[in-house]
Amino acid sequence: MRILLVGDTASLPAELTEFIADLGEDWQPLTATDGHTAMTAVATQGVDAVIVCPQLPDLNATTLLGQIRTLRPETIRIALVDAQHGNRPPPARLIGVAHRFLPLPLAPEVLLEALTSLEELREVLDSPRLRDAIGRIEKLPSPPHLYLSLTQALEHDDDADSADVAKLVAADPAIAAKVLQLSNSAFFSQGRTIADLRTAVTRLGLATLRDLVLASEVFSAPTLSGAERNSLQQRALMASRLAARLLPDSSAELGATAALLADIGLLLPGVRNERSEPELADDDRPGHAEAGAYLLGLWGLPMPIIEAVAFHLQPQRANTRSFWVTGAVHVALALVNGDPVDEEYLQRAGVLNKLPQWREHANSLMGLVPSDA
């Protein structure tokens, strides 16, 4: 991978370039001290990922990353954020053009973790068409009412419990994804992966969360009708609750989050709904499952969530052969959407005998039949 570091030597010392070079021949570091030099490198050589400092002598980071998105949408865009400013979120417009955020000063181990996760993402979902399609997308659309609901809740209860706030956020899969993106950035996570919304809310803080929700809504561009969006949200919430019930307590939150985000690709422009649109030879649109998973991977979400989102329609493609997060999300989404369950996969995983009980859980959750469970 060609990694372009953009900034002065004070922010990006030579040791970081040497660190990347020492990772092996598969990694090629490039440097640029200003935006115009960076754009020349991107235009003439092409780079796999670009890491940009907040302040440049000629362009700001938002402008540069926006230009790179236009010229080379397949390039992974990483913005550096000054950690001395505390846990304030990055500027709203920067959130719109960067895939991931890393803190300044940039430690080698933080950089290594980011680069390794990106390499792993490429191995799981390696598609030039997918990289190009996702790279062009600026914002996940979100309904406008969530910020007002969140603000109202906080105004009425200054000591609002993080679990209650997390429930509000979970009502919108697009906002939930954005909250997890930022909370999993090295700027906030402090090296610890965050896979559930309650922890993310606690990590970000309520004020930061409110600002993030507002930024996400102000710059959103809806791709679905109001009815379609509401239907998608309701199905995501039911699937999230069901997936949590199909897994042991240690994995329940992971499964719930993955199911909540499983169809996030349907909110992206230019993707194919894999449930209703068969893949045709002359159709170059990416499928919504892998498109959503790739975007979540760029944001730095945990790999079990990425794999579950990518393969929930075809669980046999998952790397994990036992019944775990991908399997639970597959079953939950299929039952909630009324789609066929891959019984052959469940048989191989040794859990086919549990399917009738899972159907009862799903029917109860959807209010179709009473249940004592």
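The values are calculated or read from the model by the stated rules, or taken from the named source; none is laboratory data. What you see is a predicted model, and the numbers here were worked out from it, not measured in a lab. All Cβ positions, glycine included, derive from the backbone under ideal geometry; neighbour counts span all protein chains shown. For the accessible areas, the whole protein counts, side chains as well, though only heavy atoms, and no ligand, DNA or RNA atoms are used. Shrake-Rupley method; radii C 1.70, N 1.55, O 1.52, S 1.80 Å.
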*Calculate one ³J(HN,Hα) per residue across segment 350-357 by plugging θ = phi - 60° into the Karplus curve 6.51 cos²θ - 1.76 cosθ + 1.60, and present them in order as whole Hz with x for glycine and proline.*
x, 10, 4, 5, 8, 4, x, 5
*asked:* Once you place label points 7 Å from the Cα toward the Cβ at Ala281 and Thr116, how far apart are they in nm?
replied: 4.4 nm
*Could you work out how far the C-alpha centroid of segment 224-283 sits from that of segment 171-185, in angstrom?*
14 Å
*Determine ³J(HN,Hα), in whole Hz, for all residues of segment 21-31 in sequence, where each value follows from phi through the Karplus function 6.51 cos²θ - 1.76 cosθ + 1.60 and θ = phi - 60°; x replaces Gly and Pro.*
4, 6, 5, x, 6, 6, 10, 10, x, 10, 10
*Using a 1.4 Å probe over the heavy atoms of the protein chains, calculate the carbon and sulfur portion of the accessible area of segment 297-363 as a whole percent.*
44 percent
